[in-house]
Amino acid sequence: MPEQSGSAPLFESTEWNFDAIQRSYDAIEKIAIDDLKLDVYPNQIEIISAQQMVDAYSSNGMPLMYRHWSFGKRFVHDERLYRKGARGLAYEIVINSNPCISYCLEDNSMALQALVIAHAAFGHNHFFKNNHLFRQWSDAEGILDYLEYAREFIARCEEKHGDHEVEQLLDAAHSLMHTSVFRHRRPASISLREERARQRERLRDEEAAVHYLWNSFERARPQRIVDEHVRERKRAMKLPEENLLYFLERHSPILEPWQREILRIVRNIAQYFYPQRQTKVMNEGCACFVHYYIMNALHSSGRLSDGAMFEILHNHTNVLTQPDFDAPHSAGINPYALGFAMMQDIRRVCENPTPEDHEWFPDIAGVDDWRGVLQDAWANYRDESFVQQFLGPEVIRRFHLFALADDAKDSFCTVSAIHDSRGYHAVRDVMVANLDISGSDPDIQVVDVDLLGDRWLKLCHVQRDHVPLDAETRDATLDNIRSLWGYDVVLEERSD
């Protein structure tokens with residue numbers, strides 16, 4: 001911690017004003033950049049009302065989202081709960097963009113504004129800019145321009161083709177978002193300038209590709225030649241394909257150019273959120289670690305009063321509370337609590353290692369540069385690999401973690417491992433499996449297309465642990481795929 005400097009507090013009143021926010025921002029930035037060595041996008045901080053915060057909630061936190069009835073439905077639901085006092089609001093929302101936009105609630109006290117600026121404008125901001133998943137799968141430079149383009153494009157489609165037709169298309173596309181991301185290859189960057197420049201050429205090429213695939217059969221040719229053409233066309237489709245919306249956008253026989261463009265918009269937004277789903281523990285843990293370190297540094301140097309620090313610690317503790325597994329309000333592992341605890345533990349292992357730490361973490365136990373260890377972790381890991389590498393006995397004991405085995409043949413669950421020397425590795429492996437979203441998202445791929453007969457589309461779902469798809473949701477989703485494909489769709493289920 002920095003030594004006591006005797007500087008005057010940054011603010012005295014609990015009410016915020018722009019001068020106090022600017023002083024606090026400057027002091028926070030100095031610690032974040034000079035001490036923690038964070039590397040961040042330029043910041044843009046906006047103060048918004050409670051209603052604007054609810055509105056941002058309802059549209060996935062995006063400021064320029066296109067219109068859809070589901071966002072309005074969620075807004076009414078959240079706003080009603082907030083008005084009745086049944087639900088609080090987040091203190092901030094932060095956008096992975098360059099500049100990084102942080103929305104702070106106007107009802108926050110000045111101490112809370114300082115806390116959320118450290119949390120969002122520096123903690124999340126550093127993680128967005130440096131984590132390899134965000135660098136690989138999202139485009140902070142172009143996302144705001146792209147959202148503006150998407151909103152304008154869909155609004156024009158509503159005027160030209162009608163609200164009902166556009167909503168039906170968006171309903172079907174939204175139901176496929178979790179199975180419409182590229183997991184193994186990088187998508188093209190999205191930006192307004194490039195998107196508009198390529199739009200006309202892409203639509204023309206896509207229509208030509210569809211016509212090539214579907215409208216140029218020369219059935220009078222010998223069967224051998226037709227079969228060879230079919231094989232060639234399937235190769236052109238690059239089957240199997242894991243990204244369902246991408247396949248439908250490229251190869252559906254019935255969609256018009258504007259409908260293909262809307263599918264492309266929905267899958268691009270799904271891809272943008274893909275890294276956030278993979279790094280919930282790390283992203284929130286990084287932001288909590290950064291705000292906790294900076295707030296303590298400001299308090300130690302006299303820049304925060306004891307009263308402000310008490311309020312900050314009260315809110316910090318509320319966010320990081322981990323209810324017991326049998327508590328009525330328990331919702332499983334709190335990613336804020338787990339991420340923060342693991343990052344605090346990494347620092348402890350670096351500074352004050354025990355013999356157990358030397359056994360578990362020989363590469364980092366006792367090293368001087370805990371900042372470098374954390375920055376390497378923030379940059380190069382996702383949740384499951386981070387837990388696999390850094391979840392040690394100290395945190396497992398503190399959280400009282402245990403593993404449950406649930407065999408379908410039994411009418412009960414078995415505690416297969418607990419937080420002792422025999423169970424540490426098993427508990428960690430179960431935690432890794434639970435955080436791997438490839439294990440929770442359904443594995444559905446396009447595997448075949450009938451090019452000569454009824455034009456049915458064949459999908460394959462690979463069951464994990466012999467768990468089938470929910471029948472009601474499966475049938476509703478297949479109906480949506482049929483509406484986009486135009487012909488019948490069959491689904492085969494296999495076990496892994």
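The values are calculated or read from the model by the stated rules, or taken from the named source; none is laboratory data. None of the values given here were measured: they were computed from a predicted structure. Here the Cβ is made from the backbone with ideal geometry for all residues, glycine too, and neighbour counts use every protein chain on show. Note: accessible area is taken over every heavy atom of the protein model, side chains too, but ligands, DNA and RNA are not part of it. Shrake-Rupley method; radii C 1.70, N 1.55, O 1.52, S 1.80 Å.
Odds and ends about this structure:
- Check on V94, surrounded by 17 or more Cβ atoms within 10 Å (Cβ to Cβ), in contact (Cβ under 8 Å) with a residue 12 or more places away in the chain and in contact with a Leu (Cβ under 9 Å, 6 or more places away or on another chain): no
- So Y103, is it open to solvent by less than 10 Å² (accessible area, probe 1.4 Å) and modelled with pLDDT under 95: no
- Residue tally, condition among the small types (G, A, S) and within 18 Å of E92 (Cβ to Cβ), over region 62-78: 0
- Test: residue in region 325-335 that is in a helix (DSSP H, G or I) and closer than 22 Å to L115 by Cβ: yes
- Meets criteria (touching a residue at least 12 places away in the same chain (Cβ under 8 Å), charged (D, E, K, R) and not in a helix (DSSP H, G or I)) for D368: yes
- Annotation: of all residues in region 32-86 being open to solvent by 60 Å² or more (accessible area, probe 1.4 Å) and of a type in the set (A, V, I, L, M), the one that is modelled with the lowest pLDDT is A86.
- Filtered residues of region 311-362 (kept if over 26 Å from the mean Cα position of the chain (by Cα), exposed (fewer than 12 other Cβ atoms within 10 Å of the Cβ) and hydrophobic (A, V, I, L, M, F, W, C)): A327
- Residue in region 449-469 that is in contact with a Pro (Cβ under 8 Å, 6 or more places away or on another chain), among the charged types (D, E, K, R), more than 30 Å from L338 (Cα to Cα) and modelled with pLDDT under 95 present: yes
- The set of residues from region 455-496 being open to solvent by less than 80 Å² (accessible area, probe 1.4 Å) and on the phi > 0 side of the Ramachandran plot comprises R455, G486.
- Contact annotation: residue pairs with Cβ atoms under 7 Å, 6 or more positions apart or on different chains, pairing a residue in region 325-347 that is under 15 Å from G123 (Cβ atoms) and without any contact (Cβ under 8 Å) to a residue 60 or more places away in the chain with a partner that is in a helix (DSSP H, G or I) and open to solvent by 40 Å² or more (accessible area, probe 1.4 Å), are P335/K280; Y336/V319.
- Residue within region 446-454 that is surrounded by 12 or more Cβ atoms within 10 Å (Cβ to Cβ) and either assigned to a helix (DSSP H, G or I) or not hydrophobic (A, V, I, L, M, F, W, C) (or both) present: yes
- Residue match in region 476-489 (condition: touching a helix residue (DSSP H, G or I) at 6+ places or on another chain (Cβ under 6 Å), in a helix (DSSP H, G or I) and among the β-branched types (V, I, T)): no
- Whichever residue in region 318-364 is modelled with pLDDT under 95 and among the β-branched types (V, I, T) and, among such residues, is nearest to I418 (Cα to Cα): I333
- Among the residues of region 127-141, the ones that are among the small types (G, A, S) and crowded, with 21+ Cβ neighbours inside 10 Å come to 1 in all.
- Residues being within 18 Å of W69 (Cβ to Cβ), in contact with a Lys or Arg (Cβ under 9 Å, 6 or more places away or on another chain) and buried (at least 19 other Cβ atoms within 10 Å of the Cβ) - total across region 142-165: 1
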